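J.: Encoded as structure tokens, here's the structure I'll be asking about.
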Amino acid sequence: MKIAIFAGNSEEPFMVIITLQRKKCIGCNYCVELAPSQFQMSKKDGKSVLLHSEEKKGFHTIKSPDESIFDNADKAKEACPVKIISVKRS
């Protein structure tokens with residue numbers, strides 16, 4: 001596992017931030033196929049679930065210092081046909 005590096009004099013580490021607008025999910029399953037450690041499909045409604053996320057106003061978000069999750073999450077973002085996944089480094 002890669003852990004994020006601290007930036008300059010800041011005590012804040014770089015973070016990987018993944019956000020999902022779950023209500024708009026169409027259940028295509030691409031995110032689960034490309035980033036199974038971050039996403040799974042709900043058996044209840046067939047929509048994607050961002051694992052270990054916090055929900056606020058319809059946006060499900062995780063913040064992680066684990067840099068190794070970025071690439072697969074970014075692939076899931078690019079593959080999402082409804083463009084409801086955001087992935088960034090802070």
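J.: Kindly indicate whether K56 is in contact with a strand residue (DSSP E or B) (Cβ under 9 Å, 6 or more places away or on another chain) and without any contact (Cβ under 8 Å) to a residue 40 or more places away in the chain. Quick ask: steps written out before the conclusion?
T.: Values: in contact with a strand residue (DSSP E or B) (Cβ under 9 Å, 6 or more places away or on another chain): no; without any contact (Cβ under 8 Å) to a residue 40 or more places away in the chain: yes.
No, not satisfied.
J.: Search the stretch 31-74 for residues being in a strand (DSSP E or B) and among the basic types (K, R), and hand back the single one that is surrounded by the fewest Cβ atoms within 10 Å (Cβ to Cβ).
T.: Pass one, the stretch 31-74, residues in a strand (DSSP E or B): 39-41, 48-50, 54-56, 59-64, 66.
If we keep only those that are among the basic types (K, R) as well, we get 56, 63.
Working: K56: 9, K63: 12.
My answer is K56.
J.: Here's a follow-up. Within the stretch 14-30, can you find the residues that are aromatic (F, W, Y) and either modelled with pLDDT of 95 or more or loosely packed, with under 15 Cβ neighbours inside 10 Å (or both)? Steps first, please.
T.: If we filter the stretch 14-30 for residues that are aromatic (F, W, Y), which is where we start, we get 14, 30.
Hit for the stretch 14-30 is Y30, nothing else.
J.: A further question follows. Within the stretch 31-90, which residues are at pLDDT 95 or above, hydroxyl-bearing (S, T, Y) and farther than 12 Å from L20 by Cα?
T.: S37, S42, S64, S68
J.: Here is a follow-up. Just to be sure, is K77 buried (at least 19 other Cβ atoms within 10 Å of the Cβ) and not small (G, A, S)? Break it down into steps so the answer makes sense when it comes.
T.: Details: buried (at least 19 other Cβ atoms within 10 Å of the Cβ): yes; not small (G, A, S): yes.
Yes.
J.: Taking G8 and the conditions (1) touching a Lys or Arg at 6+ places or on another chain (Cβ under 8 Å); (2) modelled with pLDDT under 95, which numbered condition does it fall short on, given that it satisfies the others?
T.: Condition (1) is where G8 drops out.
J.: Something else about it: Return the pair list, or none, for Cβ contacts closer than 8 Å from residues in the stretch 25-45 that are without any contact (Cβ under 8 Å) to a residue 12 or more places away in the chain to residues that are β-branched (V, I, T) and surrounded by 15 or more Cβ atoms within 10 Å (Cβ to Cβ), at least 6 apart or on different chains.
T.: If the second residue must be β-branched (V, I, T) and surrounded by 15 or more Cβ atoms within 10 Å (Cβ to Cβ), the pairs left are Q40/V32; Q40/V49; S42/V49.
The values are calculated or read from the model by the stated rules, or taken from the named source; none is laboratory data. Predicted model, so just to flag it, every value in this text is computed and none were measured. Because the Cβ atoms are built from the backbone with ideal geometry, glycine has one as well, and the counts that use them run over all protein chains shown.
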